[in-house]
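Here's the structure we're looking at; comments come further down.
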Amino acid sequence: MTQFLSRRQFIQLGGLAGTAVAVSGCTINLQQPEKLEPYVTPPEEALPGENIWYASTCRQCAAGCGIIVRVSNGRPRKIEGNPQHPLNRGKLCARGQAGLQLLYHPDRLRNAVKQARRGSRQFTPLYWEAALAQAAERVKAARPGAVAFYGNLIPDNLAAIIGPFFQALNAPAPVLFDVQATFDGRRTLALATGQLLGVEPALPVFDIARADVVFSFGANFTETWLSPVAYGHAFAALRGGPLGKRGYLVQFEPRLSATAAVADKWIPIAPGTEAAVALALGKILVLEGGGAAKDSPFAALFRSADIQGAAAASGISEDRLRELALSLVRFARPVIIPGGALAGHTNAAAAMTAVLALNALLGQIGGQAGAIALTPAAADPAFAAATPSSFADARALIEKMKAGAIDVLFVHGNPLYDLPVAAGFAEGLARVPFVVSFSSLVDETAVQADLILPDHTYLESWGYQVVAPVADRPALSGQQPVVAALYDTRATSDVFLDLALRLGGAVKQALPWPNTVEFMKALTGKLRGKDAAYPVKTPEQAWAGWRQMGGWWPTAEERAAPKPPPAPRTLDVSRPQFAGEGGGYPFLLYPYGSVALGDGRGASQPWLQETPDPMTTASWDTWVEINPITAKALGVERDDVVKVASANGEIEAIVYIYPGIRPDVVAVPLGQGHSSFGRYANNKGANVLALLAAQTNERGDLAWAATRVKIVPTGRRRVLPRIENNVGVDFAQKNEKVPG
Amino acid sequence: MLQSLFRARPTRVWLLLGGAATLIGLAALFAAFWIFIQAPRAQAYAAQPLPFEHSKHVQAGVNCFFCHPGATNGPVAGLPSLAKCMGCHVAITPKDAKDQADIDKLIKQWETGRPIRWVKIFEQPDFVRFNHRPHLAQGVACETCHGNVAEMGYAQVYNLNMGFCLNCHRAQSAEKVTRLIDCATCHY
C-alpha cells in the first residue's frame with residue numbers, strides 16, 4: 001500500500017501535467033469579441049473615446065460635497081471630489097464614490113406606477129400625464145389643510161419649492177425628519193447655539209484645523225458627523241500642524257468609535273453624564289485654571305457644578321477630571337465639540353449648551369480668532385435650505401394622520417424604516433386615503449403607497465445645496481445632470497412645479513417656473529460676483545460659471561464671528577431619563593450610524609454593503625457589540641445570535657465581543673434590516689431603530705440613545721462576515737481587560 | 001480505480017502509456033479549442049448585426065472622416081451614430097431589391113430607437129494607449145493600418161500587434177525614432 005507512486009514518478013507526472021496546462025494556456029483566449037454601441041443620436045459635444053467631466057453635488061448625505069463625474073460615451077463611470085469645492089476640497093468618502101450604484105441599480109423603478117392594493121406589490125405602469133393628473137385631482141379634492149408632506153433632509157432646491165407650495169395650499173409645513181440629522185444632533189445643536197449666542201439658530205463651525213487641542217463629546221467627525229470629509233480634512237491639519245505641532249484629541253464616548261480610536265485619549269464616559277462632566281471641567285477651570293477662566297463672565301455658570309457628583313456618575317475619577325481640565329489651559333486654541341452622541345439623551349440641549357459654554361469660558365467664542373464661528377449666512381436669501389424637523393413635529397403629523405385629518409400624503413423618504421415603531425407611523429399611514437411616494441427603489445414606505453412617482457437619482461437631476469454644516473464661507477453647491485435620465489422617471493421638484501401649474505391659483509403664483517432648470521436659472525441670476533471664484537456680471541455668466549464650477553462660493557474664507565455672548569447665570573441639567581429603567585433591561589442601547597450605510601440609505605448599494613466597518617471589519621449583517629466581561633456574565637460568545645429586546649420591540653443580532661465598549665452599554669450599527677429596498681439590501685441583519693422608545697429631549701428631538709435593552713441568547717450561531725481575525729479580542733477577553 | 005492503476009509495480013511501460021494518454025488528451029484539448037472556441041470566435045467576428053459594406057460607401061465617394069470624424073481630433077475614430085446613417089439613407093435610392101432590403105433593416109433599427117451592437121474588429125489591449133490624432137497629423141493614411149477599405153465588406157481583421165507598430169515607427173527620421181520606439185510612448 002505504501003508503494004502507490006514513487007516520489008520520482010509523482011514529480012514526473014506532475015511535470016507532465018504542468019506542461020500540458022502551460023501549453024494549452026498559451027493559446028486559449030476565451031475572450032469573445034467586444035461589442036461597439038454607437039449613439040443613436042449623439043450629443044453635440046461628445047467625442048468618442050474622450051471623457052467629459054461634469055461638476056455636480058453629492059447627495060448621499062446632506063453635507064453637500066462637490067463632485068466631478070467622469071462621463072465616457074454618455075455613461076457616468078467614476079465620481080471624484082471637486083478640488084475647487086470649499087467643503088470637501090477634492091476629497092470624497094466611500095459613500096460618495098458609490099453613488100454610481102444608485103444610478104445603475106437594477107431594481108430602480110422605470111416609470112410612474114400605481115399600486116392596486118397597498119402592500120400587494122401589484123404595480124401598474126402609468127403615463128406621467130395620467131399619474132400627475134390623478135395626484136392633482138386628489139390634492140384638489142382634499143379638505144383644506146389636509147395635504148401633507150413627509151420627507152427626510154431632501155435636496156435644498158426641493159425644499160425651496162415645496163415650502164411655498166404647501167404654504168399656498170394653506171397646508172401644514174412639510175415635515176423633514178432625518179435619522180442622520182437626528183444622530184448628528186443638527187437641530188438641537190443649532191437651537192442651543194442660537195440660544196447661547198443670542199442669534200438665529202445656526203450650526204457652529206468648529207475650527208479644528210487650527211486648534212491645538214480638541215475635546216470631542218461624542219462627535220464622530222471622522223465617520224458620520226455633519227461632514228466627515230470636511231472634518232477629516234481639518235483633522236489632518238490638526239495632526240500635521242506647522243512646525244511639527246501636533247494637535248491633541250480627547251474623545252468622550254461610551255464606545256470606542258473610529259474617531260475615538262484615532263484620538264490620543266478615549267474616555268468611556270457614562271452615557272447621559274456629559275453635561276455634568278462639562279460643568280465639572282468648567283468649575284475646575286474657574287477654581288484652579290486661573291487667568292481667563294476665572295474672570296470670564298461665564299464663570300458664574302460653572303460655580304454651582306458638582307465635581308464629586310459628576311465623577312461618580314460619569315465614571316471618570318476626580319483626579320482625571322482635574323488633569324483633563326487643567327490640560328485645556330496649557331493650549332492657546334482649545335476646541336470642545338458637542339457631538340451627535342449628546343443629542344441622543346433627554347438632557348441633550350443642556351449638555352450641548354454646557355459644552356458650548358465651556359468654549360466661551362475659554363474665550364473661544366467671539367472675534368475672528370475664535371475657534372468657533374457661525375456658519376456664514378447664505379449667499380442670497382433666495383437660496384433656501386432644508387432644515388430638519390424635530391421628532392415632535394413628525395409625531396404631530398402622525399397624530400393628525402391617525403385622527404384621519406390628512407387626505408393626501410406625499411412621502412419623500414422612508415419613514416416606515418426610519419421612525420421608531422413606537423412612533424406609530426404605520427397606523428397613521430393606514431388612515432390616509434391617498435399616499436404618494438417618490439422613492440426610486442420600492443422601499444418599505446413605497447410598498448404602502450397608492451402611487452409611486454419615482455424621482456431621478458441625483459446624478460440625473462438639477463438642484464442646489466446650501467453648504468451649511470462645516471463651511472468656512474457662504475457656499476452654494478450646484479447639482480446638474482451628468483447623464484440623461486436612464487428611465488422614465490421625473491425629478492420630484494419638477495413634479496411639484498407641474499402640480500402647481502395644474503392646481504393654479506395661489507400655488508401657481510407662488511411657483512411660476514415651468515421646471516427646475518428655469519427655477520435654477522432664476523436663482524443663479526441673483527448671484528453677484530463680488531468675491532466669487534469666477535466672474536459674474538450677467539445672469540448668463542452666473543449660469544455658465546455655476547455649471548462649470550459646480551456651484552458658487554467666494555474665493556476667500558469668510559467667517560461669521562459671533563459677538564461674545566451674554567453669559568447665562570444658570571443652566572438646568574436634568575437627570576437623563578432612560579426608557580425601560582427598572583424594567584429588567586440591564587443594558588443601555590447605543591445605536592450608531594454606519595460609516596458605509598449611514599442611516600440605512602446606503603444599504604441599497606453593494607459596494608457600501610461590502611465596505612467593512614472600521615472598528616469591527618464586519619459587513620453585510622447586523623451585530624451587537626458587547627464587552628467581554630458582559631459577554632462572560634451572559635454566557636454568550638462571538639457569533640452567537642442573540643435577541644436584543646427593549647420594551648418596544650426586539651431584533652436579532654450577532655454577538656461581537658468588543659473590548660472597546662463600556663460593560664453597561666451595548667452598541668448596534670444602523671443601516672440593515674430592510675425588507676424592501678432593492679436586492680442588495682433585503683433581508684440582511686436587523687433595524688435597530690425599531691427598538692427605540694419614542695422619547696424626546698428638551699427640544700423635541702428623538703432621544704435615540706436613551707433606551708434600555710436586555711440580551712437574550714437564542715442558542716443559534718451565525719458567523720459574522722468580517723475580514724479581521726479575533727486574536728486581539730480573544731486576548732482582551734482572556735485577560736478581562738476593562739476599557740478606560 | 002486510480003489506486004489499482006498505480007498500485008501495480010510502476011514500470012517504464014506504465015509511464016510510457018501514461019505519456020501517450022496525456023498526449024492524446026492534449027490533442028483532444030486542442031481539437032476542442034478549435035471546435036468550441038476559435039471557430040465560434042471567427043464566426044462571431046463575421047456576424048455583424050447589419051449587412052454593412054464599406055466598399056459601397058467608399059465607392060459612392062463618402063470620405064472616411066465623414067463617418068469617423070473622431071480620428072482627426074481624438075484618440076478613437078468612433079462609429080457613426082444611427083442619426084448620421086439616416087441622414088443619408090432617408091434620401092438614398094437603393095440600387096436593387098437586396099439593397100432595399102438591407103436599408104430597410106437599418107430603417108427598422110432606427111425606428112426602435114436602440115443602438116446597433118456592432119462587433120468590434122480592431123482591438124488594442126488596455127495597456128496600449130493608441131491615439132489616432134497624431135498619426136493622421138503626420139499624414140498616415142487610413143489604409144496603412146486598416147487595409148484597402150474600399151474593397152472590404154464590413155472590415156478585415158488585421159493583426160495590429162507591437163511588431164506592426166514598430167516596423168513603421170523604426171522607419172521614421174532619425175530625430176523622431178528615439179521617441180517613437182520609447183516604451184513609454186504607447187505604454188504609460
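The listed residues are B:Gln109, B:Gln124, and the only one of them that is closer than 30 Å to B:Tyr188 by Cβ and within 14 Å of another protein chain (Cβ to nearest Cβ) turns out to be B:Gln124. If you go through region A:300-317 and keep only what is assigned to a helix (DSSP H, G or I) and over 35 Å from the mean Cα position of the chain (by Cα), you end up with A:Ala300, A:Arg303, A:Gln308.
Taken across region A:706-726, residues that are touching a residue at least 40 places away in the same chain (Cβ under 8 Å), within 19 Å of A:Gln180 (Cβ to Cβ) and small (Gly, Ala, Ser) do occur, with at least one present. Here A:Gly545, A:Gly478 are screened, and the one residue that is part of a strand (DSSP E or B) and closer than 21 Å to A:Trp462 by Cβ is A:Gly478. Looking at region B:136-152, is at least one residue surrounded by 10 or more Cβ atoms within 10 Å (Cβ to Cβ), at pLDDT 90 or above and not in a helix (DSSP H, G or I)? Within region B:136-152, one or more residues are surrounded by 10 or more Cβ atoms within 10 Å (Cβ to Cβ), at pLDDT 90 or above and not in a helix (DSSP H, G or I).
The set of residues in region A:257-290 that are open to solvent by 10 Å² or more (accessible area, probe 1.4 Å) and under 15 Å from A:Ser574 (Cβ atoms) comprises A:Pro271, A:Thr273, A:Ala276, A:Leu279. For the condition on the phi < 0 side of the Ramachandran plot and out of contact with any Leu (no Cβ under 9 Å at 6 or more places or on another chain), A:Gly232 qualifies. Evaluate region B:96-107: report whether one residue or more is within 17 Å of B:Leu50 (Cα to Cα) and among the polar types (S, T, N, Q). Yes, some residue in region B:96-107 is within 17 Å of B:Leu50 (Cα to Cα) and among the polar types (S, T, N, Q). Within region A:407-422, the set of residues being part of a loop (DSSP other than H, G, I, E, B) and open to solvent by 10 Å² or more (accessible area, probe 1.4 Å) comprises A:Asp407, A:Gly413, A:Asn414.
Here the helices (runs of 4 or more DSSP H) wholly within region B:51-102 that include at least 2 residues being at negative phi, surrounded by 13 or more Cβ atoms within 10 Å (Cβ to Cβ) and free of Cβ contacts under 8 Å to residues at least 24 places away in the same chain are B:54-59, B:64-67, B:82-89.
Among the residues of region A:423-434, are any touching a strand residue (DSSP E or B) at 6+ places or on another chain (Cβ under 9 Å) and assigned to a strand (DSSP E or B)? Yes - at least one qualifying residue is present in region A:423-434. Tallying residues that are within 13 Å of A:Ala168 (Cα to Cα) and without any contact (Cβ under 8 Å) to a residue 40 or more places away in the chain within region A:128-144 yields 1.
The values are calculated or read from the model by the stated rules, or taken from the named source; none is laboratory data. What you see is a predicted model, and the numbers here were worked out from it, not measured in a lab. Here the Cβ is made from the backbone with ideal geometry for all residues, glycine too, and neighbour counts use every protein chain on show. For the accessible areas, the whole protein counts, side chains as well, though only heavy atoms, and no ligand, DNA or RNA atoms are used. Shrake-Rupley method; radii C 1.70, N 1.55, O 1.52, S 1.80 Å.
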